[in-house]
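Taking it in order: structure first as structure tokens, then the write-up.
Every number here is computed from the coordinates shown, using simple stated rules; none is lab data. Nothing here was measured: the structure is a model prediction, and the numbers come from that model. Note that we place each Cβ from the backbone using ideal geometry, even for glycine, and neighbour counts take in every protein chain shown.
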Amino acid sequence: MAVLRSMALPPDIRMTRVRSEREARRLGFHGSPTVRVNGADIDPQGAARLPEPGLYSREYAWSGRREDIPPEALIRRAIEEAARGAVA
């Protein structure tokens, strides 16, 4: 939410509770937390390194560190890339 506010974008956030391994596979859910912008994972390479969709904790690699939550810079980059794609 803070990233959207800092970019002067309306907060259009949808949260989805994933309750089972079956549901995780159906949704392509690669661990918690997973963040998507316009349906696309903000870290597709990170999701690709995971064995398969499922219920587990997810880490994000950013600037040589491992993070338990997606860094704001990663979210910002995904939003900016989505905006450029929408304009093209």
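Below, the figures for the structure above:
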| quantity | calculated |
| --- | --- |
| Residues Ile69, Ile13, sorted so that the one with the fewest Cβ neighbours within 10 Å comes first | Ile13, Ile69 |
| Enclosed volume per residue, in Å³, of the convex hull spanned by Cα atoms of the range 1-65 | 105 Å³ |
| Top positive-direction residue, dipole computed over the chain with Cβ charges, set Ala82, Tyr60, Thr16 | Thr16 |
| Whole-number percent relative contact order across the chain, with pairs defined as alpha carbons under 8 Å at least 6 apart | 26 percent |
| Cα-based helix-to-principal-axis angle, 72-87 vs the chain, degrees rounded to 10 | 70 degrees |
| Debye, to nearest 20: dipole size of the range 35-88, +1 on Lys, Arg Cβ, -1 on Asp, Glu Cβ | 100 debye |
| Karplus-derived 3J(HN,Hα), 6.51/-1.76/1.60, for each residue of the range 42-50, Hz, glycine and proline x | 6, 9, x, 5, x, 5, 5, 6, 7 |
| The chain - mean residue ellipticity at 222 nm from DSSP helices (-39,500 (n - 2.57) per run, n ≥ 4, rounded to 500) | -10500 deg cm²/dmol |
| Amide H partners (placed H, <5 Å) of Glu67, local residues excluded | Tyr60, Ala61, Trp62 |
| Three-way shape label, the range 44-86, alpha-carbon gyration tensor, a/c 1.5 | oblate |
| Inter-centroid distance (Cα atoms) of the range 48-63 relative to the range 16-40, Å | 11 Å |
